[in-house]
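Here's the structure, in structure tokens; my notes come after.
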Amino acid sequence: MISYKKLVRDIDLDKKIYIAFSGGLDSSVLLHLFSDLKKKDSLNIEAIYVNHNLSKENKKWENHCASVCNELGLKLHIRSVDIKVSGEGLESAARKARYNIFEELLEENEQILIGHHSDDVAETFFLRLFRGTGVQGLEGPKIKRRVGKGYLIRPLLSYSKKELLKYANENDISFIEDSTNFEINQDRNFIRNKLIPTIEKRWINVSDRISRTSSNIGQRNELFEDLLKKEFNSFLIDGLHVKELKKLDHSSIKEIIRLSIRDQGVALPNKKVTDEIIKTFISSNPGPKSKVSWSRADKDLPSGEITYKNGYIIISKG
């Protein structure tokens, strides 16, 4: 059963709320849940549909979303984008375009809610695991994070797709199914349609188990970062002074740099890039032209860049 109290735990109900609505199962359940809240508490809620123009069905889906919002009495914003793939893959390019729209839409401290659930967490966990991610990558998506001037919030992360489907059936919620979700040429679809069902035959509720593991990793990461900040507080406040960093052991240097990168809100570099950072700025004698840049495959966070100035490592968005 979906708890309304749990649903709004991370949401400021006094600020404007947008629902990212695609017409699929998860966003349809999310929209109806908050439509009920709007009726009860007179909340300021609107919806947004992003047409990616990747399917001949897009206009049909757009019309479906408009019809549903009209029936529920919710204002619907429609945005159309042309996806440009530049090495990161179609799914990542679409996500990047969608999030750019979210950034443009949100005013100060406004919120946009997306319908990610525990099955999505499991899929992301596997994707990052197979890419050789670090411990931070395995903690999965955050329930709430900054996007532009506002916040992106995932209130359904603790619920499974089965639970959302049960809610939709019990409340007669219609939704559309994108047939491309069953095409296994995309990595996420392969994990969703082939890998997880195979694992489920031996270990039931595997998505819930992985979601709990991902959450535990996230809690461990928070504790580790708190301890790291206490231990190396002067570095994190005064900036990353190369001369002082060189006095520390290799593991401490690496963790301080990664924590500083994380605090800047940019993507964390993989092991290869991290080693290059250490080589360029710590093992060598850096100069004004020293620079290391990186990005994350899924483009969920901005790319990063490190340069050198007056004895300090400077971390910024790429």
Point-charge dipole on Cβ atoms (K/R +1, D/E -1) for the chain, about Cα centre, debye to 20: 800
How high is the relative contact order of the chain, given as a whole-number percent (alpha carbon pairs under 8 Å, six or more residues apart)? 16
Taking a ≥ b ≥ c as the square roots of the eigenvalues of the Cα gyration tensor, with a/c under 1.5 meaning rounded and otherwise prolate when a/b exceeds b/c and oblate if not, region 269-315 is oblate
Rank these residues by their accessible area, most exposed first, probe 1.4 Å: 312, 18. 312, 18
Assign unit charges at the C-beta atoms only (+1 for Lys and Arg, -1 for Asp and Glu), then state the dipole size of region 208-318 relative to its Cα centre in Debye, rounded to the nearest 20. 320
For volume of the Cα convex hull per residue in Å³, calculated from these coordinates, the label among [x] 153; [y] 118; [z] 132: [x]
What are the extents of the Cα atoms of region 1-140 along their three principal axes, in Å, largest first? 46, 35, 31
Excluding residues fewer than 8 positions from residue 271 in its own chain, the aspartates and glutamates with Cα under 19 Å of it are 88, 139, 225, 249, 255, 263, 298, 300, 305
Kindly express, to the nearest 10 degrees and within the range 0 to 90, the angle between helix 161-170's C-alpha long axis and the longest C-alpha principal axis of the chain. 20
Cα centroid separation - region 59-77 against region 254-318, whole Å: 44
Helix-only estimate, please: 222 nm mean residue ellipticity of the chain, summing -39500 (n - 2.57) across DSSP H runs of length 4 or more and dividing by its residues, to the nearest 500. -13500 deg cm²/dmol
Out of 260, 295, 240 - ranked by how far each Cα lies towards the positive end of the dipole of region 193-309, with unit charges on the beta-carbon of charged residues - the top one is 295
Just want the answer: with Cβ charges of +1 for Lys and Arg and -1 for Asp and Glu, which residue in 122, 155, 134 is farthest toward the dipole's positive end in region 120-174? 134
Nearest 5 is fine: what % of DSSP beta bridges in the chain come out antiparallel, could you say? 50
Cα axis of helix 25-41 to longest principal axis of the chain: angle in degrees, 0 to 90, nearest 10? 80
Lys/Arg Cβ at +1, Asp/Glu Cβ at -1, dipole of the chain taken about the Cα centre: which of 251, 24, 73 is farthest positive-ward? 251
Charge dipole magnitude, Cβ of K and R +1, D and E -1 - region 97-192, Cα centre, debye nearest 20: 440
Of 110-122, 251-263, 277-289, ordering from highest average Cβ density within 10 Å down gives 110-122, 251-263, 277-289
Extended-chain gain in nm, criterion 0.36 nm per residue less alpha-carbon gap, residue 177 and residue 284: 33.1 nm
For the chain, longest principal axis from Cα atoms; helix 118-130 axis from its Cα atoms; angle between them, nearest 10 degrees, is 30
The lysines whose Cα lies under 22 Å from the Cα of residue 75, excluding any fewer than 8 residues away in the same chain, are 15, 16, 38, 39, 40, 59, 60, 149
Burial ranking of peptide ranges 235-243, 30-38 (average Cβ count within 10 Å, highest at the top): 30-38, 235-243
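The values are calculated or read from the model by the stated rules, or taken from the named source; none is laboratory data. From a predicted model like this one, the values you see are computed outputs, not experimental measurements. Positions of Cβ are backbone-derived with ideal geometry, glycine not excepted, and every protein chain shown enters the neighbour counts. Surface areas here come from the heavy atoms of the whole protein model, side chains and all, with no ligands, DNA or RNA. Shrake-Rupley method; radii C 1.70, N 1.55, O 1.52, S 1.80 Å.
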